[in-house]
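One structure below.
The values are calculated or read from the model by the stated rules, or taken from the named source; none is laboratory data. These numbers were taken from a predicted model, which means no experiment stands behind them. Cβ atoms come from the backbone with ideal geometry, glycine included; neighbour counts cover every protein chain shown. Please note that ligands, DNA and RNA were not included when accessible areas were found on the heavy atoms of the full protein model with its side chains. Shrake-Rupley method; radii C 1.70, N 1.55, O 1.52, S 1.80 Å.
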Amino acid sequence: MTGFTLDPRLDADTLPICDLPLSSVRLLTDANYPWVVLVPRQPNLVEIVDLSRHDQGWLWDEIARVSTALRTITGCDKLNVAALGNVVAQLHVHVIARFRTDPAWPAPVWGKVERRPYDPAARDRLIVELRAALA
């Protein structure tokens, strides 16, 4: 998939976990929530409908894989899945593990609390667990 470049804001706010057939899977660096972002590795995508029908199917499969892995690893109460793109236009899908005890519950996570950096060991452990679950 040539011509793909990750938006600099996504690059700055996330760390790589792995690549699936269509998407780059990345961890958002906010320890308030286990938060994964999928970015299809094709140029000039803004909306899910910009993908071919075939690739839309791949994306939904990858969202399900990431959602299952995140729920299994975290034991979360709820998963939030969203493709907003109001700030970063490049197509990307958020998969967020939510807990009744998280700082934004039950509201959406955006703008509720200040970002909290990960403890490096906890961050690295989550990345390793997600890589294994998605392998």
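Can you go through G57, G75 and tell me which one is out of contact with any Gly (no Cβ under 7 Å at 6 or more places or on another chain) and within 28 Å of R125 (Cβ to Cβ)?
On the way: G57 fails: within 28 Å of R125 (Cβ to Cβ).
Just a single option satisfies the conditions, and that option is G75.
Answer yes if at least one residue in region 11-18 is of a type in the set (G, A, S) and touching a Cys at 6+ places or on another chain (Cβ under 9 Å), and no otherwise. Give the derivation first.
Within region 11-18, the first condition is being of a type in the set (G, A, S), and the residues that meet it are 12.
Remaining after also requiring touching a Cys at 6+ places or on another chain (Cβ under 9 Å): none.
Scanning region 11-18 turns up no residue that is of a type in the set (G, A, S) and touching a Cys at 6+ places or on another chain (Cβ under 9 Å).
Going residue by residue through region 31-51, is there one that turns out to be modelled with pLDDT under 95 and either closer than 24 Å to D124 by Cβ or open to solvent by less than 50 Å² (accessible area, probe 1.4 Å) (or both)? Let's see the steps before the verdict.
Kept after step one, since they are modelled with pLDDT under 95, are these residues of region 31-51: none.
Scanning region 31-51, I find no residue that is modelled with pLDDT under 95 and either closer than 24 Å to D124 by Cβ or open to solvent by less than 50 Å² (accessible area, probe 1.4 Å) (or both), so the answer is no.
Taking region 64-88 on its own, how many of its residues are exposed (fewer than 13 other Cβ atoms within 10 Å of the Cβ) and not hydrophobic (A, V, I, L, M, F, W, C)?
Kept after step one, since they are exposed (fewer than 13 other Cβ atoms within 10 Å of the Cβ), are these residues of region 64-88: 64, 72, 75, 84, 86-87.
Remaining after also requiring not hydrophobic (A, V, I, L, M, F, W, C): 72, 75, 86.
Total meeting the criteria: 3.
Evaluate the following for W110: is it at pLDDT 95 or above and more than 19 Å from C18 (Cβ to Cβ)? Full working, then the answer.
On the way: at pLDDT 95 or above: no; more than 19 Å from C18 (Cβ to Cβ): yes.
Here the answer is no, as W110 does not meet what is asked.
Name the strands (runs of 3 or more DSSP E) wholly within region 1-89 that hold at least 2 residues that are free of Cβ contacts under 8 Å to residues at least 24 places away in the same chain and over 20 Å from L134 (Cβ atoms)? Working first, answer last.
Details: elements: 14-19, 23-28, 35-40, 78-82.
The strands (runs of 3 or more DSSP E) meeting that bar number zero.
Mind checking which residues of region 100-122 are touching a residue at least 40 places away in the same chain (Cβ under 8 Å) and either touching a strand residue (DSSP E or B) at 6+ places or on another chain (Cβ under 7 Å) or in a loop (DSSP other than H, G, I, E, B) (or both)? Please lay out each step first, then the result.
Here is the first cut: in region 100-122, the residues touching a residue at least 40 places away in the same chain (Cβ under 8 Å) are 102-104, 109, 113, 115-119, 122.
D102, P103, A104, V109, V113, R115, R116, P117, Y118, D119, listed by residue number.
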